[in-house]
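The values are calculated or read from the model by the stated rules, or taken from the named source; none is laboratory data. Since this is a predicted model, take the numbers as computed values, not measurements. Quick reminder, even Gly has a Cβ in these numbers, built from the backbone with ideal geometry, and neighbours come from all protein chains shown. Side chains are part of the model used for accessible areas, which takes the heavy atoms of the whole protein and leaves out ligands, DNA and RNA. Shrake-Rupley method; radii C 1.70, N 1.55, O 1.52, S 1.80 Å.
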Amino acid sequence: MISILGCGWYGLALAKALLVEGELVKGSTTSEARLPDLIQAGIKPYIVSVTEEGTAQASGFFETDTLIVCIPPKFRSGQTAAYLSKMENIIAAAIHHNIGQVVYISSTGVYPDNNQVVDESVLPEPDEASSAHILFAAEQLFMKQTAFKTTIIRFGGLVGPGRHPGRFFAGKTGVDNGRAPVNLIHLDDCIQITLSVLKQQAYGFTFNACSPSHPQKQVFYTQAAMHAELPLPQFKDELNDWKTVNSINLGRILNYKFIVGDWKSCFAENKF
């Protein structure tokens, strides 16, 4: 039994893939309007609300073998201070219900733009005043638990069906940092990496999850806008703060091979 806390863009797609694999899947949403989508997909639906005060849940959601936590931090809407309290309440619920394994979905945003190539051997050192610091602190909250095993998956920028990158900068001018490398991952790889963790019982690890292809921002997003037939963006031909996020653990531990390892092929195969 697998419970997915947060059946949004990634969570719902993951749930559908797990159902194909023959798994029993419980999925949560905070909106009653989303319940029909979960039911139609074959997911056992629950409304679960995680707040600073606690976790309001329909009975049974946390009665599971494996919990996948994929709740967007929503830092842009001013919820930074509340995020760690929410994660602590999720951890408390997992412990109370004797959950064995947790997969926590994080972000490569935990690495600051320090003009370097990073992988899992590099300890993130985000500025303490940044939202990235909160996200890294949340990772540590999960990893230090001994009542259950945790794996962290740090996704790069998410693209795929419903998130065409051509829309991100379409028609914009004077976009900064045009020569910076992109750190993105396609939904297909998000799903298959997660399935690989679950199938191989690869718990207790941290995985960076970005496509190994890191073209310049101006090259990639111009090509993406062309593919989407949208107005082309204009970038400043400059290189300011940047990072390139690689993974050593996906290959070493999971023997994982990327589905989208080349963005040119991704556009050619119309994977958006």
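Want the number for ARG179 to LEU230: 0.36 nm per residue separation, take away the alpha-carbon distance, what's left?
16.3 nm
Which of LYS217, LYS172, LYS44 ends up with the largest GNM mean-square fluctuation for the chain, with Cα atoms connected below 10 Å?
Taking springs between Cα atoms under 10 Å, the residue moving most is LYS172.
Sequence-distant or interchain residues sharing an amide H contact under 5 Å with GLY27, placed H: which?
ILE4, LYS44, TYR46
Sorted from largest down, what three extents in whole angstroms do the Cα atoms of region 43-166 have along their principal axes?
Sorted from largest, the Cα extents of region 43-166 read 47, 36, 26 Å.
Please express the Cα-Cα pair-distance distribution P(r) of the chain as a list of whole percents, one per 5 Å bin, running from 0 to the bin with the greatest distance.
Answer for the chain: a P(r) of 1, 6, 12, 16, 18, 18, 14, 9, 5, 2, 0 percent.
Tell me, what % of the accessible area of the chain is carbon and sulfur with a 1.4 angstrom probe?
Within the chain, the accessible surface is 49 percent carbon and sulfur.
Return one number: the angle in degrees, 0 to 90 and rounded to the nearest 10, between the long axis of the Cα atoms of helix 80-96 and the longest principal axis of the Cα atoms of the chain.
Helix 80-96 sits roughly 40 degrees off the main axis of the chain.
Let me have the relative contact order for the chain, percent, based on Cα pairs under 8 Å that are six or more residues apart.
Relative contact order here is 17 percent.
How far is helix 131-143 tilted, in degrees, relative to the longest principal axis of the Cα atoms in the chain, given as a value from 0 to 90 rounded to the nearest 10?
40
What accessible surface, in Å², does a 1.4 Å probe find on HIS133, ignoring ligands, DNA and RNA and rounding to the nearest 10?
Surface open to solvent at HIS133 totals about 60 Å².
Using only Cα atoms, what is the ratio of the radius of gyration of region 1-98 to 2.2 N^0.38 Å?
1.04
Take the chain, connect every pair of alpha-carbon atoms lying under 10 Å apart with a spring to form a Gaussian network, then pick out the residue of PHE220, PHE61, PHE168 with the largest mean-square fluctuation.
Of PHE220, PHE61, PHE168, the most mobile in the Gaussian network model is PHE168.
If the elastic network links every pair of Cα atoms under 10 Å, which of GLY178, GLY162, GLY42 fluctuates the most in the Gaussian network model of the chain?
Among GLY178, GLY162, GLY42, the largest GNM mean-square fluctuation belongs to GLY162.
Using only the alpha-carbon atoms, how far is helix 187-200 inclined from the longest principal axis of the chain? Give it as 0 to 90 degrees, nearest 10.
Between helix and principal axis, roughly 40 degrees.
Which peptide among 195-201, 240-246, 3-9 comes first, and what is the full order, when sorted by highest mean count of other Cβ atoms within 10 Å?
Most protected by this proxy first, the peptides run 3-9, 240-246, 195-201.
Can you classify region 115-172 as rounded, prolate or oblate using the Cα gyration tensor, where a ≥ b ≥ c are the square roots of its eigenvalues, rounded means a/c under 1.5, and otherwise it's prolate if a/b beats b/c and oblate if not?
prolate
Percent antiparallel among DSSP beta bridges with both residues in the chain, to the nearest 5?
Around 15 percent antiparallel, to the nearest 5.
Please compute the Kirkwood hydrodynamic radius over region 183-266, one decimal place, Å, based on all pairs of different Cα atoms.
Final number for the Kirkwood radius of region 183-266 is 14.6 Å.
Residue by residue through region 10-16, which ³J(HN,Hα) values in whole Hz follow from phi under the Karplus form 6.51 cos²θ - 1.76 cosθ + 1.60 (θ = phi - 60°), with glycine and proline marked x?
Karplus-based 3J(HN,Hα) across region 10-16 equals 7, x, 5, 5, 5, 4, 4 Hz.
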